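Reading through the structure tokens given below for one structure.
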Ligand SMILES: Nc1ncnc2c1ncn2[C@@H]1O[C@H](COP(=O)(O)OP(=O)(O)OP(=O)(O)O)[C@@H](O)[C@H]1O
């Protein structure tokens, strides 16, 4: 990958949801470039288009106009099958609902996507165990989701998202189901993965405490990007801005 090129380049992206005769414009010509190693927060009022942005820029959903390139490939110029394959190879996802398979252990949940893209079982297991170790769950590999706390379950989903070494991780309200202590732990982990390993992460959140911790924050309103601010972040994870007020 050329590190001078954006990893994600979206230009003029439009999305309109159509339900019967009703058309809801959700993205109105959105431009966004994200470079390798960035941690970008996306905030904005309910209904402003944050989840739509994530779904469209990751190719989970179709767009009605514009162009999205991820890792040098135009997502919507390829077939559905090629896009699915590209997504499995280059992207990881963390959602508010953990979406873990209840009858599988933590390690089985993490290795499943690797097995689905053809990784040999022994290698998939090794990487899954390594990733669980990385997120602080090396001692919980054989536990099922119901035997883990909410914060631990979300750390399993982060391990699952990262196990395939994706170029970019999309996180939609990853702390939305967690109490504030667990939310802070999960956010610590995401910041650490970004700072220590240069993992590129785009993170949708309602939580201003989380918005305060990201080095780049974009804000949406009515389907448009209305603000895009970069600021220094202290190693403690809080921004280096002077206190407000
Ligand atoms: N599947 C859908 N069908 C029709 N309209 C939709 C659909 N999904 C979203 N919308 C509409 O598109 C707009 C953007 O929705 P989106 O979910 O992206 O907003 P959001 O900023 O993520 O909101 P929230 O913070 O409440 O999750 C809203 O007006 C919403 O009602």
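Values in this text are rule-based calculations from the coordinates and carry no lab data. From a predicted model like this one, the values you see are computed outputs, not experimental measurements. Quick reminder, even Gly has a Cβ in these numbers, built from the backbone with ideal geometry, and neighbours come from all protein chains shown.
Among 173-179, 10-16, 95-101, the peptide with the highest mean count of other Cβ atoms within 10 Å heads the list, and the full ranking is 173-179, 10-16, 95-101. Highest average first, the peptides 133-144, 46-57 ordered by how many other beta carbon atoms sit within 10 Å of their residues are 46-57, 133-144.
When a/c reaches 1.5 or more, the comparison of a/b and b/c decides; with that in mind, is the stretch 80-181 rounded, prolate or oblate per its Cα gyration tensor?
Here the stretch 80-181 falls in the oblate category.
Approximating the spin labels as points 7 Å out from Cα along Cα→Cβ, the residue 60-to-residue 116 distance works out to 1.2 nm. Length gained on full extension, residue 197 to residue 143: 16.8 nm, using 0.36 nm per residue less the C-alpha separation. Kirkwood analysis of the chain, using all unique Cα-Cα pairs, places the hydrodynamic radius at 18.6 Å. Just the ratio, please: alpha-carbon radius of gyration of the stretch 1-85 over 2.2 N^0.38 Å, N its number of residues. Dividing the Cα Rg of the stretch 1-85 by 2.2 N^0.38 Å gives 1.13.
Enter the Cα centre distance for the pair the stretch 60-77 and the stretch 166-240, rounded to the nearest angstrom. So the separation of the two Cα centres works out to 23 Å. Considering only alpha-carbon pairs that sit under 8 angstrom and 6 or more positions apart, the relative contact order computed for the stretch 169-232 is 29 percent. Available extension along the chain between residue 24 and residue 85 is 19.0 nm, counting 0.36 nm per residue and deducting the alpha carbon span. The label-point distance for residue 103 and residue 231, in a model that sets each label 7 Å from Cα toward Cβ, rounds to 4.9 nm.
For the stretch 76-123, the alpha-carbon radius of gyration amounts to 1.34 times the rule-of-thumb value 2.2 N^0.38 Å expected for a compact globular protein.
Need one word for the stretch 42-82: rounded, prolate or oblate. Basis is the Cα gyration tensor (sqrt eigenvalues a ≥ b ≥ c); a/c below 1.5 gives rounded, then a/b vs b/c decides.
Prolate, because a/c is 1.5 or more and a/b exceeds b/c.
Calculated translational diffusion coefficient of the stretch 3-46 (10 °C, 1.306 mPa s; Stokes-Einstein with Kirkwood radius over alpha-carbon pairs) equals 126 µm²/s.
Hey, what did the chain get for relative contact order, percent, Cα under 8 Å, at least 6 apart? Please report the intermediate quantities before stating the final value.
Values: 466 pairs, mean separation 63.6, N = 245.
Relative contact order, the chain: 26 percent.
First check a/c for the stretch 40-133, with a ≥ b ≥ c the square roots of the eigenvalues of its C-alpha gyration tensor; if it is under 1.5, answer rounded, and if not, answer prolate when a/b is larger than b/c or oblate otherwise.
oblate
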